[in-house]
Structures are given as structure tokens and as C-alpha cells.
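The values are calculated or read from the model by the stated rules, or taken from the named source; none is laboratory data. Just so it is clear, the model here is predicted, and its values are computed rather than measured. Note that we place each Cβ from the backbone using ideal geometry, even for glycine, and neighbour counts take in every protein chain shown.
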Amino acid sequence: MLGALGLLRSKTAFVYGFKTERDHIMNFTKADTFAQSIVLEKSMGPNPLKLCEELLYGSQIPAGSVMLDLGSGTGLTSALMAREYGFTVYAADLWSEPGDNMRFFESLGLTNHQIVPLKADANALPFATEFFDAVVSVDSYNYFGRDPQYLGSCLLPLVKHGGTLLFAIAGMVRDCHDNLPACLTASWTPEQLEYMHDMSWWRNNLSQTAGVEIVDMHEMSCTAEAWHDWICCDNEYAQGDRKAVEAGALEYLNTIAVELRRS
């Protein structure tokens, strides 16, 4: 039997197709190695495992790379990257407890040689310059990266020259803050929606930073599926967001994939 996530996935895949700009159908062979019970329990927003797998699809980051998972939450994306990609991951988050996350990682058979969880403010990350081969940030960059000075002053110095930064940013198809549709305000206030912008807004934001190249920026194909997985979760935040999704919010929302390279 499919279960809640599998049933929704079958239904939404039939409707939306989930085809990426790279003409590839995402089967999520890595994300689907995690038990549905874990995804339902630990998700803090649209399915982070699927967002992360699509974000990393086609990347040339080799196994063994030292990776920063920025805004790692409860550790789902960190576990995915360590277990399925062979990265050495530093799981940095301000709101989760490192001890809880380490116990979760250990329950999956992962060690502190594979993942290091820590509590850290994105504006004051405790790492040496050029420490990381790459950075991944799934569904969190829009909370601290809207200041165009952030990338160059706080994050880019931590990445090696030639290193990669990959962001999956919750966004809008087109900015509509001046005329918010009722389906969006069914769940979120105008102040909350200020965290979400469209692709042109983010291109302008990121292009202001010297020493970094925008390699690629596109809408992710799994947005609808990731959102439908999220509203299956049994917590008050997911149930609150369900009102907007059921009212048609996905017509206005997307997820923006960003690939940057430090020069």
C-alpha cells in the first residue's frame, strides 16, 4: 500500500509531471530511502529530502567533500547528504538542538565523523575561511539571505575558491506583494510573505556580490509534490499551511534552485 505520502505523490505526479529543466524525471531514489514516518515527523516545511535531491541532481560535487548544510533544521538533509552522497556534513541551525540531531543521525548508523551538528547563527558562522568545498541551503536561505550584503560578508568567505553554493529558496512565480491573492493570506500574513520573492528579485540580490558567478537559476519541478508531502504532516504548522495550498496557493508559489560558484 502506498501510504499518505506515496498516495499524494502518485496523484500529484500524474497532474504535474515533475519534469526538470534538464529534461529528467525525478524518481527520488535517494530521498525515498528514508521511512515515511521519519519524513512526517521531522519535516519543517515542503519535503526537504526531495528538494535536496533535485537540487543536487547533476552536480559535480565529489564524495568526501566537506559540506555546510546551512539551516539544517532537524537534520533530514544532512543525513541525506552524508548517507547517500558520501559528503562530510556540518549541520548548522539556530533553532534545533545538536544533541537531538546527533541522536537522530546515530539512529541511522551515521557517526560524528560523517556529520557534525551545531547550533549556529547564519550571520556569525564559526568556521575558518575557505573551510568548505560546498554549501547547501534548503528552504532557509530566504530567512537570512535577503540582505544583499549577506552572501559576500558572511557566507562566501567560508567557501574555497572554485567551490559551489546550492540554494533551494521558497519563492513566488511573480512577486505580488502589492496585491496578495486570498489563497496566500489564508495561511500567511503579508509580513510573513515578505520572505518570499520571485526569480528576478533573487537574481538581482545575488548579482550584487563580487567574486561569485551565478551558474544556474531555475524553478524546481518538485515544488507541488514537496508541498503536498508537507501538508500530510501531523503538526500545527503543516495544518495551518494546508489552508493556503487547498485554496490554490501553489499557482503563485515556487521553489527557486540557485547554483553559484566562488571565483
Go through segment 229-260 and give me each residue that's part of a helix (DSSP H, G or I) and at pLDDT below 95.
none
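Is it true that some residue in segment 214-222 is among the polar types (S, T, N, Q), touching a Pro at 6+ places or on another chain (Cβ under 9 Å) and touching a residue at least 12 places away in the same chain (Cβ under 8 Å)?
For segment 214-222, residues among the polar types (S, T, N, Q), touching a Pro at 6+ places or on another chain (Cβ under 9 Å) and touching a residue at least 12 places away in the same chain (Cβ under 8 Å): absent.
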C52 is checked against (1) farther than 20 Å from M220 by Cβ; (2) touching a strand residue (DSSP E or B) at 6+ places or on another chain (Cβ under 8 Å) and fails just one. What number does that condition carry?
(1)
Looking only at segment 174-225, count how many residues are among the aliphatic types (A, V, I, L, M), crowded, with 18+ Cβ neighbours inside 10 Å and within 16 Å of K243 (Cα to Cα).
3
Exactly one of (1) under 19 Å from A91 (Cβ atoms); (2) surrounded by 15 or more Cβ atoms within 10 Å (Cβ to Cβ); (3) out of contact with any helix residue (DSSP H, G or I) (no Cβ under 6 Å at 6 or more places or on another chain) is unmet by A128. Its number?
(2)
Inspect segment 62-82 for any residue being over 13 Å from I115 (Cβ atoms), free of Cβ contacts under 8 Å to residues at least 40 places away in the same chain, in contact with a strand residue (DSSP E or B) (Cβ under 9 Å, 6 or more places away or on another chain) and surrounded by fewer than 24 Cβ atoms within 10 Å (Cβ to Cβ) and give the result as yes or no.
yes
Test A4 against the criterion of being modelled with pLDDT under 95 and of a type outside the set (D, E, K, R), and give yes or no.
yes
Which one is surrounded by the most Cβ atoms within 10 Å (Cβ to Cβ), of the residues in segment 93-103 that are under 19 Å from the mean Cα position of the chain (by Cα) and among the hydrophobic types (A, V, I, L, M, F, W, C)?
L94
Can you list residue pairs whose Cβ atoms sit under 6 Å apart, with the first residue in segment 226-254 being at positive phi and the second being of a type outside the set (D, E, K, R)? Count only pairs 6 or more apart in sequence or on different chains.
G248/C183
Among the residues of segment 139-163 satisfying the criterion of being under 25 Å from G64 (Cα atoms) and part of a loop (DSSP other than H, G, I, E, B), which is nearest to the chain's Cα centre (by Cα)?
D139
Determine whether segment 218-228 contains at least one residue that is outside any loop (DSSP other than H, G, I, E, B) and farther than 24 Å from F28 by Cα.
no
Would you be able to say whether some residue in segment 108-115 is touching a strand residue (DSSP E or B) at 6+ places or on another chain (Cβ under 8 Å) and surrounded by fewer than 15 Cβ atoms within 10 Å (Cβ to Cβ)?
yes
Determine if segment 34-50 includes at least one residue that is farther than 30 Å from A224 by Cβ and β-branched (V, I, T).
no
